[in-house]
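The values are calculated or read from the model by the stated rules, or taken from the named source; none is laboratory data. Computed from a predicted model, the values in this text were never measured in an experiment. Neighbour counts run over all protein chains shown; Cβ positions are idealised from the backbone, glycine included. Calculation scope for accessible area: heavy atoms of the full protein, side chains included, ligands and nucleic acids excluded. Shrake-Rupley method; radii C 1.70, N 1.55, O 1.52, S 1.80 Å.
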Amino acid sequence: MSLNVVNNATCTFCGCVCDDIELHADGDRIVKAKNACSLGEAWFKHHTAERLFPDALVDGKSATLATAIDAAAEYLYEANLPLVYGLSNITCEAQREAVALTEPVGGVVDSHTSR
Ligand code: SF4
């Protein structure tokens, strides 16, 4: 086993953007993420470039993007106080779109970091 150590890696999982992570990689697999919190460590250790998930899920089942958009629109329309939740590990542009979608329907936005 030959470990490759990367110092001062940045974690982009939750938005705090910790930039003092020491990553230990065995081949192309990260085996240790020193200084990362439990969320960051899990993200580094289990994040993969492989495409493991479908484009969308509706009620936990694989769905097309069009079906997911229709379902999301229905949920937002029916909700009294929509909560748009999560948003970690996505781009700033996607977060901006989530806020733009939430404001007109009187919803609230929160991230998993509030847990
Ligand atoms: S998930 Fe943890 S390590 Fe990663 S940026 Fe957030 S607080 Fe930092």
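Using a cut-off of 13 Å between beta-carbons, work out the net charge of the residues near residue 30 (Lys and Arg +1, Asp and Glu -1, residue 30 not included).
Residues close to residue 30 contribute a combined charge of 0.
Mind checking the full-extension length gain between residue 93 and residue 18? Use 0.36 nm per residue of separation minus the Cα-Cα distance, one decimal, nm.
Value of the extension gain: 25.0 nm.
Counting only protein heavy atoms, what percent of the accessible surface of the chain is carbon or sulfur at a 1.4 Å probe?
Exposed carbon and sulfur together represent 55 percent of the surface.
Could you state the number of Å between the C-alpha centres of the range 64-114 and the range 1-57?
26 Å
Cross-link candidates for residue 34: which aspartates and glutamates have Cα within less than 16 Å, leaving aside residues fewer than 8 places away along the same chain?
Once the sequence-local aspartates and glutamates are set aside, what remains near residue 34 is 19, 20, 22, 26.
Just need the relative contact order of the chain here, percent rounded to a whole number, with Cα pairs under 8 Å and 6+ apart.
Taking the mean separation of contacting Cα pairs over the length of the chain, I get 18 percent.
Go ahead and run the numbers for FRET between residue 47 and residue 100, Cβ-Cβ distance against an R0 of 30 Å, rounding to 0.05.
It comes to 0.65.
Residue separation times 0.36 nm, minus the C-alpha to C-alpha distance between residue 80 and residue 31: what's the value?
13.2 nm
Hey, could you pull the Cα Rg and Dmax for the chain, both in Å?
When restricted to Cα atoms, the chain yields Rg and Dmax of 17.5, 55 Å.
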